[in-house]
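S.K.: Structure provided below as structure tokens; questions to follow.
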């Protein structure tokens with residue numbers, strides 16, 4: 001028994017040694033795991049950017065300084081076709097004429113490009129105005145549209161649908177959501193208006209910055225200088241009105257602007273096959289459905305309310321106001 | 001032809017309370033541009049399903065506090081060329 005203290009000291013030493021080895025192994029494992037995660041993130045980001053180039057990069061022609069009015073008009077038409085093919089929403093002739101005229105002024109230096117922070121403000125102001133004018137039926141439509149793709153032959157296992165927002169899923173009943181939006185709408189005329197506007201701006205800015213950052217990295221020619229990836233903040237060069245409209249569409253529709261038309265069709269078909277395989281029940285096909293917008297097959301959104309002529313004209317007013325010299 | 005594969009992922013409980021009846025489960029490290037399907041059953045036995053396309057950062061699921069985050073099944077739809 002007299003050797004017990006020595007045994008304990010040795011045991012402690014052994015435990016400390018083992019602990020050190022364990023900590024080292026754990027540390028190396030965590031470092032390796034993070035490195036693997038980092039590699040996966042980098043690879044996924046590269047693939048994401050490549051899909052953006054295949055999508056909007058290939059299907060929308062961005063005009064450049066010195067382009068003739070015809071080229072600017074072609075750029076606006078390509079954006080209109082892009083939005084229509086993916087969401088079923090058409091820009092009106094008035095909106096296209098105005099957008100082409102504003103784009104020409106921006107490219108020939110008669111007006112400023114809009115800064116990313118000013119685009120946050122323009123989108124917030126437009127959304128705030130739109131919120132104040134929502135009818136009860138429109139609020140119900142928003143609720144319905146944000147709950148994902150619906151079809152009478154959707155398998156029962158797809159059950160209850162939650163609200164899908166950018167980067168957030170909210171499990172809330174229709175009654176509760178509708179009453180909350182109505183309360184917000186009615187509070188816009190009260191002293192709570194500033195608080196609502198501030199919250200909206202924060203939410204809008206988070207999504208806008210995310211989109212501008214991705215576009216700058218994926219399409220550096222068109223979006224050069226709009227975002228500073230090193231500092232992760234808006235860059236020194238703003239956006240043209242067409243670029244601003246692209247970001248507005250992406251924010252309102254939750255369309256990440258990836259994949260050309262044929263590849264988007266293949267993706268939706270693959271989604272159908274995968275879900276049919278998972279549930280062992282036939283999942284409805286994408287035929288006769290758009291990928292985005294109202295009841296979009298990939299992501300559904302109330303784009304018809306955000307991208308109608310009246311709302312887009314208000315958005316162009318806001319952009320024009322902030323771009324004027 | 002693109003093919004989708006489903007991969008089971010794990011959720012990490014954040015434990016942030018949003019109101020007395022809901023809490024947030026956070027999907028950490030989603031890959032940009034990938035689509036994630038989730039499903040769970042709430043306290044009343046109703047099945048929930050949805051899908052989100054991630055960009056960067058995290059995806060938060062604000063759900064009934066009776067649902068344990070570990071009970072949420074999340075799958076990533078891998079797009080293979």
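Only the coordinates and a few stated rules stand behind these numbers; no lab work does. All of these numbers come straight from a predicted model, not from anything done at the bench. Neighbour counts run over all protein chains shown; Cβ positions are idealised from the backbone, glycine included.
S.K.: What number, rounded to the nearest 500 deg cm²/dmol, is the helix-based mean residue ellipticity at 222 nm of chain A, given -39500 (n - 2.57) per DSSP H run of at least four residues and division by all its residues?
M.R.: Calculated from helices alone, the mean residue ellipticity at 222 nm is -21500 deg cm²/dmol.
S.K.: Still on this structure, please answer the following. When you look at the Cβ of every residue in B:58-69, what mean number of other chain Cβ atoms sits within 10 Å?
M.R.: 3
S.K.: Helix A:116-132: angle to the longest alpha-carbon principal axis of chain A, degrees 0 to 90, nearest 10?
M.R.: Around 70 degrees separate the two axes.
S.K.: How far is helix A:309-323 tilted, in degrees, relative to the longest principal axis of the Cα atoms in chain A, given as a value from 0 to 90 rounded to the nearest 10?
M.R.: That helix lies at roughly 80 degrees to the long axis.
S.K.: Same structure, new question: What is the distance in Å between the Cα centroid of the range A:177-198 and that of the range B:58-79?
M.R.: Measuring centre to centre over Cα atoms gives 29 Å.
S.K.: If you take the square roots of the eigenvalues of the alpha-carbon gyration tensor of the range A:58-203 and sort them as a ≥ b ≥ c, do you get rounded (a/c under 1.5), prolate (a/b over b/c) or oblate?
M.R.: oblate
S.K.: Okay, moving on. Which one, A:167, A:296, A:235, has the greatest fluctuation when you compute a Gaussian network model over chain A with C-alpha springs under 10 angstrom?
M.R.: Highest fluctuation among the options: A:167.
S.K.: Label-point separation (nm) for residue B:73 and residue A:192, each offset 7 Å from Cα along Cα-to-Cβ?
M.R.: Label-label distance for residue B:73 and residue A:192, simple model: 3.9 nm.
S.K.: Averaged across the residues of A:40-48, what count of C-beta atoms belonging to other chains lies within 10 Å of each residue's C-beta?
M.R.: That average works out to 4.
S.K.: Right, next: Tell me, what is the Rg over Rh of the range A:4-323, with Rh the Kirkwood radius over Cα pairs?
M.R.: Computed over Cα atoms, the ratio is 1.10.
S.K.: At q = 0.15, 0.21, 0.30 Å⁻¹, what base-10 log of I(q)/I(0) does the Debye formula yield for the range A:271-325 when every alpha carbon is treated as an equal point scatterer in vacuo?
M.R.: Taking Cα atoms of the range A:271-325 as identical point scatterers yields -0.60, -0.81, -1.05.
S.K.: Now for a separate question. Taking each residue in A:52-60, count the Cβ atoms of any other chain within 10 Å of its Cβ, then average. What number comes out?
M.R.: 0
S.K.: May I ask for the angle, rounded to the nearest 10°, between helix A:261-279 and the longest principal axis of chain A, with both axes built from Cα atoms and the value confined to 0 to 90°?
M.R.: Once rounded, the angle reads 50 degrees.
S.K.: If every alpha-carbon in the range A:183-325 counts as one equal scatterer, what log10 I(q)/I(0) does Debye give at q = 0.13, 0.19 1/Å?
M.R.: -0.78, -1.23
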